[in-house]
Amino acid sequence: MNLLEQRKNFEEGKRIYESAKLTFHGVDGFDVYNISIPFEKDGKRFLFGRVERREEWARSWVRLFEEIGKDTWSLVADSMIYTLEDPYVSLIGDELVLGGTHVQYEKGNISTYYGYFFRGINVHNLYYFTTGPQKMKDIRLIELADGRIGVFSRPRGEDMRLTYGSESMIGFTIIDSLSELSPDVVANAPYIPGIFGKDEWGGVNQAYLLDDGKLGIIGHISYKEKDADGQELKVYLNMSFVFDPVKHESMDLQIIGSRSCYPLGPAKKPHLTDCVFTSGIVMRTDGKADLYSGLGDCETGRITIDYPFAEYGQIVCLGEAVNDKV
């Protein structure tokens, strides 16, 4: 079944229990979108968000926000300002790891970009420690049951299309410690076959250790199409799949959210009207999951869905859980 058929089936049978937008205080005149998953630290709930003016692009900062009510967040005063896009977090041992995309300019134009990584125990004081490969986004980390670290890569480009048919691939490798994370390690991660079809692309947004040792993946899958007026759209969908790190195999890819699942709202550009850029899920006490996502590159939404990995086991939280139940 191709992706368009999968989407059609999803839209016809989707079950969305709640649908809401997040409100952010302390950043008047700026949008907050493409957030990290919410996480708990020192008895409070935080998230990192991309902060950017609606009329600007690739001129954003990542800031820390604290939850002050349901779907309501406030800027943490005097928190660090990171010159990044699209933040994400992982808990590795007792440290919080923050990643994001750093864009570089030359003579007023974007020249390249890299993934930057910060680490630390104090969420208010994280330290830069390494960089990913040039022009690679969506690098994600996950602590495995044996204490080692799984690393997901996401090479994308015309060379991928010519070789594999899809516009991007996802790779996976294992390292023993954060000190081993380097551009070469990420770039040489062996690819996982069979995830994307012709001209599709996507990546891992958040990975979760399941109690059978497999990894539950929440990510995005994307393709291009044209609307009724002939305008090209970049369609981004929320998706999940399960990955076996021993067999290096993926299984059970499914669409778990689309733009129509979230409240109506604007898009930064016309070609992003059908775009939801996945953050990840947070488990609820009722067994369902809250799925967070950027909307149209200018807002943030939350939907409540069925737990997507029910057939494979429960999420194992190592140490102080980044995704503690709410």
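The values are calculated or read from the model by the stated rules, or taken from the named source; none is laboratory data. These figures come from a predicted structure and were not determined experimentally. Heads up, the Cβs are rebuilt from the backbone with ideal geometry, glycines too, and the neighbour counts pull from every protein chain shown. Note: areas computed on protein heavy atoms with side chains; ligands, DNA, RNA excluded. Shrake-Rupley method; radii C 1.70, N 1.55, O 1.52, S 1.80 Å.
Brief remarks on what is shown
- When restricted to residues that are more than 19 Å from the chain's Cα centre (by Cα) and either within 19 Å of G280 (Cβ to Cβ) or loosely packed, with under 15 Cβ neighbours inside 10 Å (or both), segment 74-94 contains 4.
- Those residues of segment 173-198 which are assigned to a loop (DSSP other than H, G, I, E, B), open to solvent by 60 Å² or more (accessible area, probe 1.4 Å) and not polar (S, T, N, Q), in sequence order: D176, P190, P193, G194, K198
- Of the listed requirements (1) assigned to a strand (DSSP E or B); (2) at negative phi, D252 misses just one: (2).
- Some residue of segment 141-157 being among the aliphatic types (A, V, I, L, M), free of Cβ contacts under 8 Å to residues at least 60 places away in the same chain and within 19 Å of I221 (Cβ to Cβ): no
- Close pairs from segment 114-134: first part of a loop (DSSP other than H, G, I, E, B), partner open to solvent by 80 Å² or more (accessible area, probe 1.4 Å), Cβ under 7 Å, at least 6 apart: I121/D94
- Residue list for segment 12-31, filter: open to solvent by less than 50 Å² (accessible area, probe 1.4 Å) and either touching a Leu at 6+ places or on another chain (Cβ under 8 Å) or farther than 16 Å from W73 by Cβ (or both): F24, V27
- Any pair with Cβ under 7 angstrom, 6 or more apart, that starts in segment 289-305 at a residue that is closer than 15 Å to T23 by Cβ and open to solvent by less than 10 Å² (accessible area, probe 1.4 Å) and ends at one that is outside any strand (DSSP E or B) and of a type in the set (F, W, Y): L295/Y262; G301/Y262
- Any strands (runs of 3 or more DSSP E) falling wholly within segment 1-108 and containing at least 3 residues that are out of contact with any Ser or Thr (no Cβ under 6 Å at 6 or more places or on another chain): 18-21, 39-41, 44-52, 61-69, 72-75, 85-92, 95-106
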